[in-house]
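The values are calculated or read from the model by the stated rules, or taken from the named source; none is laboratory data. These numbers were taken from a predicted model, which means no experiment stands behind them. Here the Cβ is made from the backbone with ideal geometry for all residues, glycine too, and neighbour counts use every protein chain on show. These accessible areas exclude ligands, DNA and RNA; they are computed on the full protein's heavy atoms, side chains included. Shrake-Rupley method; radii C 1.70, N 1.55, O 1.52, S 1.80 Å.
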Amino acid sequence: VKCCLGHFLFNTQTVHELATSTPSAFKMTVDVAEDRVVGAFRTLDLNGDGFISLSELKRVLQELSGSAWNDRRLSKILHYLDKNRDGRIQYSEFVRWACSKDENTVLSDFRKAVQISREDGLAAPPALPTRPRAERRCTSTSRRPSESGLRQPNEPAKVDKVVTDAPISGSDSAVAEMSQDAMQIKAGPNFVSQRLIVFDFDATITVDKDSDFKGLHGNRLERLLEMMSCIRRSPGTRCVLVTAQFPSATQETTIPLLEQTGLHGLFVDSFEAPLSLYREDKDHGTIYNGAEAMMGKIALIKKIIAGANCWSISFEPTDVLFIDDSAANFKGSDSTGINLRHVQQDGMADDDIAVVEAFARREAIPRCMF
């Protein structure tokens, strides 16, 4: 069966079959009219929306060589290629990487997997060519023999999804981009409940004992960026920052730190948009600070979920998660019905981050104990 790179015939040959039928990762027949970079991009862009998501990277690369591509390495690919920090790889970002010199073994291994040279990158068209997209079905694949190391026994089963040429708009567009698990949460054809995550900053997003970087570097920053990507790709999930800081500290330290690290994407719809305070910009502001936060965060959060936010949305208490390092800031929360997460050390750890991601995906989270 002929299967052109970037043009999988999903109804006749699965990703798994391609992986097991060829000795090297992307060694398939390439249409002479199809640019190698374009073809590789389209192969990774499983749902054909013009972007490569982390879940799509994971599905294709782990089918080809599961033992070589764990979640950490996959997230690093996304981190290195996703220059605008929107949680996905655009074609222009893919070409930029293809033209560049690989800075580490993760990128060089990725290049080997997709079989793209720097010369291919330089020859690639600057924009993704348009073409009619026939309906295609991406089906679950069976497990590869254990000796191949393709998939671990505890890896979750794949979920079928169908991509058609029908136009996608509104909340359906967000649903098309979300993870396979999150696709199960739609309550109707156009409805996804709105969720709100309320973050503290000092000793929650940051690690205050780290005087040089505040914990926003290395593996921890990468993990926070993964969390941000998960949140941004979960439809109907929004974030605000409620911090008991003086306004000057927020403007001089907090906002610059978030923008320099790319974590401002937690609190803006577009990465090009500046961070702003709600009291100064009620149309765009997602940061709450100063006296009102100092006097009691729960009282302030009640106002936020009642509609005092830049989206003018009222959130159901059960659709709100408040994460903070100080148990004192949860005072008065018993009657609110909101979800709480107490960070019990200096800065969110992996288990805290995992709870935030689970909440964004509409999964069950543990009851806060403090």
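At the residue level, Thr336 shows approximately 20 square angstrom of accessible surface with a 1.4 angstrom probe and all protein chains present.
Quick one: of Lys83/Lys302; Lys209/Lys331; Lys58/Lys214; Lys214/Lys302; Lys282/Lys331; Lys209/Lys297, which pairs are farther than 32 Å apart, Cα to Cα? Violating the 32 Å Cα-Cα cut-off are Lys83/Lys302. Model label sites at Phe213 and Ala273, defined 7 Å from Cα along the beta-carbon direction, differ in position by 2.9 nm. In this simple spin-label model, placing a label point 7 Å from the Cα along the Cα-to-Cβ direction at both Asp346 and Ala327 gives a separation of 2.0 nm.
Less than 5 angstrom separates the built amide H of Leu340 from those of Phe322, Cys368, all sequence-distant by 5 or more or on a different chain. When each of the peptides 266-273, 88-95 is scored by how many other beta carbons lie within 10 Å of its residues on average, the order from highest to lowest is 88-95, 266-273. In sequence order, segment 251-259 has phi-based couplings of 6, 8, 10, 5, 4, x, 4, 5, 6 Hz under the Karplus curve 6.51 cos²θ - 1.76 cosθ + 1.60, θ = phi - 60°, and Gly or Pro positions carry x. Based on C-alpha pairs under 8 angstrom that are at least 6 apart in sequence, segment 217-370 has a relative contact order of 21 percent. When each of the peptides 207-213, 300-306, 231-237, 218-224 is scored by the mean number of other C-beta atoms lying within 10 Å of its residues, the order from highest to lowest reads 231-237, 300-306, 218-224, 207-213.
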